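Trainee: Have a look at this one before I ask anything.
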Amino acid sequence: MTVVPRILFVHAHPDDETITTGGTIAALVGEGAQVTVLSATRGEDGEVIPADLKGLEGNRAGLARVRESEIAEAMAALGVREHLFLGGSAHTFEDSGMEWGADGHAVAASTMPANALCAAELTTVARYIAAVIDEVRPHAVITYASNGGYGHPDHVRVHEATVAAVDTADWRAGRLLFVDVPAEAARETFDPNQPGFADTGFAPAQTIPTKPPVSDIVVAQDISSVLGAKRAALAAHRTQVTVSGAFFALSNDIGMKILDHEYYSIGAGAPISDLRLRSDPAPHVLTDLDIDACERQDSGAGTAAGAAGAAALPLRRRRREPKKPGFFAYAHAVVLAVLIGFLGAMQHLNVSVFDLAGTPVILPWGLALSLLLVACGLWHLKTMYLSSSPMLIAAFVIVILSYVLGQPTWLPGADIIVTGMLRSAAWLIGPMLIAAVFAFIKVRRPEAAR
């Protein structure tokens, strides 16, 4: 079986797809691959370069419309037929904005709109990305590394949400790649001493905003044959980008070289064999990826037969199953139950009496505190061991201890539970009722939600 490769690029704003992966997109399209580009926002918070369009700055809706048309033009330049905005017609995520930190990297903006990408729950963003993955069924997914390139909070959020989406989507992609720039490439990008830079009129960089790579660079995609398409796509984003020869600049007017390679690390899925990586990074993002196996959704999909000696990275992270409670868990439950049972039995009868318009009102605060102590203790056991068993054992011990303390003939002074009183009756049955309610509540470790 021979299948046309399908690749999904997930980006935060219009122009990101071209700046970081435009050459790879054009090269893949030129090879006949089916490329889908997903933009999380419309870049509503972007600064505007052309003087005739400056009025759009701060006009989020107006700028969004212009940037929609810009990315459509850029997609045409790169040859992409399928471009999507995250959420489609059901939900709109807006640009969260950013500020420059003291270290020269981007940090979160002090304010953001209510529907900003970073204001949304990670699980919500991931759910929409997962829906696209299930629709497109990509063999490879490409997005930012965890550093967001230069730290932009929307880039980081897209990275996190894409990782989670790949983890939860029904379709199993064969490889997840991250845009990751080696230090030497970052230095070349911002080097003002390169031929032709002086003719651009761009300002030289004082510092390099690109963050160091977070993983091993294993792919150096050669895009030299499609540099023209990438330049045309960059020029299409005219509100954000100025192109001059082999260089471009954003609104800060700092010149950057359009390099002839784009670099990637593998986050999960099919690795690239050590033999291929012995001298240099692999030349292609699909190197050693078995497209046919991925299409069949084989359990070993992604690892090519030629990837000798390389163990596949788990694309779908195995969720850590909680261990069954052991002896320590039940011992913990019993000790905690004895303490709660004794304190609750001693406390539950305390009340305060108030006179309300000549009518005495009894406030059973002792019972309320005792049952609150039970609830906190049982919930602690439930969430600590991710199991109802220690919690139910503790509730049972509390009830038994309270019953024993209500039998005046069994133990000296063991009459602090008055079974004929409503408060004591509530104390005797309350722990088991609370445990029964908690038993129906599902809890899981935080990392299981990723």
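Trainee: Got a number for residues in the stretch 200-227 being buried (at least 17 other Cβ atoms within 10 Å of the Cβ), touching an Asp or Glu at 6+ places or on another chain (Cβ under 8 Å) and β-branched (V, I, T)?
Mentor: Here the count works out to 2.
Trainee: Another question, if that's okay. Can you find a residue in the stretch 312-327 that is open to solvent by less than 90 Å² (accessible area, probe 1.4 Å), modelled with pLDDT under 90, more than 28 Å from the chain's Cα centre (by Cα) and among the hydrophobic types (A, V, I, L, M, F, W, C)?
Mentor: Taking every residue of the stretch 312-327 in turn, none turns out to be open to solvent by less than 90 Å² (accessible area, probe 1.4 Å), modelled with pLDDT under 90, more than 28 Å from the chain's Cα centre (by Cα) and among the hydrophobic types (A, V, I, L, M, F, W, C).
Trainee: Right, something else. Name the one entry in I142, I133 that is closer than 15 Å to V10 by Cα and in a strand (DSSP E or B). Spell out the reasoning first.
Mentor: Values: I133 fails: in a strand (DSSP E or B).
Going through I142, I133 in turn, the sole match is I142.
Trainee: Report yes if some residue within the stretch 123-143 is more than 23 Å from V214 (Cα to Cα), buried (at least 18 other Cβ atoms within 10 Å of the Cβ) and at pLDDT below 90; otherwise report no.
Mentor: Looking for residues that are more than 23 Å from V214 (Cα to Cα), buried (at least 18 other Cβ atoms within 10 Å of the Cβ) and at pLDDT below 90, one finds none in the stretch 123-143, hence no.
Trainee: Can you tell me how many residues within the stretch 355-382 are at pLDDT below 85 and either surrounded by 10 or more Cβ atoms within 10 Å (Cβ to Cβ) or in contact with a helix residue (DSSP H, G or I) (Cβ under 6 Å, 6 or more places away or on another chain) (or both)?
Mentor: So the count comes out to 2.
Trainee: Looking only at the stretch 145-159, which residues are in contact (Cβ under 8 Å) with a residue 60 or more places away in the chain and assigned to a helix (DSSP H, G or I)? Break it down into steps so the answer makes sense when it comes.
Mentor: The initial filter retains those residues of the stretch 145-159 that are in contact (Cβ under 8 Å) with a residue 60 or more places away in the chain, namely 145-152, 154-155, 157-158.
Passing the criteria: G148, G149, Y150, G151, D154, H155, R157, V158.
Trainee: Failed condition for D45, given (1) modelled with pLDDT under 95; (2) part of a strand (DSSP E or B), with all others met?
Mentor: (2)
Trainee: Name every residue in the stretch 278-292 that is closer than 10 Å to Y264 by Cβ and either in contact with an Asp or Glu (Cβ under 6 Å, 6 or more places away or on another chain) or open to solvent by less than 30 Å² (accessible area, probe 1.4 Å) (or both), in order of residue number.
Mentor: A282, V285
Trainee: Something else: Please specify each residue of the stretch 234-257 satisfying the condition of being in a strand (DSSP E or B) and within 14 Å of A51 (Cα to Cα). Full working, then the answer.
Mentor: Residues of the stretch 234-257 that are in a strand (DSSP E or B), as a first pass: 242-244, 247-249, 254-257.
Correct list: T242 only.
Trainee: Only one residue in A26, A76, A33 is of a type in the set (A, V, I, L, M), farther than 21 Å from L250 by Cβ, open to solvent by less than 60 Å² (accessible area, probe 1.4 Å) and modelled with pLDDT of 95 or more. Which one? Give the derivation first.
Mentor: On the way: A26 fails: farther than 21 Å from L250 by Cβ; A76 fails: open to solvent by less than 60 Å² (accessible area, probe 1.4 Å).
Exactly one residue qualifies, and that residue is A33.
Trainee: Here's a check for you: in the stretch 87-106, which residue that is of a type in the set (A, V, I, L, M) and open to solvent by 60 Å² or more (accessible area, probe 1.4 Å) is modelled with the highest pLDDT?
Mentor: The qualifying residue modelled with the highest pLDDT is A90.
The values are calculated or read from the model by the stated rules, or taken from the named source; none is laboratory data. Keep in mind the model is a prediction, meaning the values are calculated, not measured. Virtual Cβ from ideal backbone geometry, glycine too; neighbours counted across all protein chains shown. Just the protein is used for accessible areas: all its heavy atoms, side chains included, with ligands, DNA and RNA removed. Shrake-Rupley method; radii C 1.70, N 1.55, O 1.52, S 1.80 Å.
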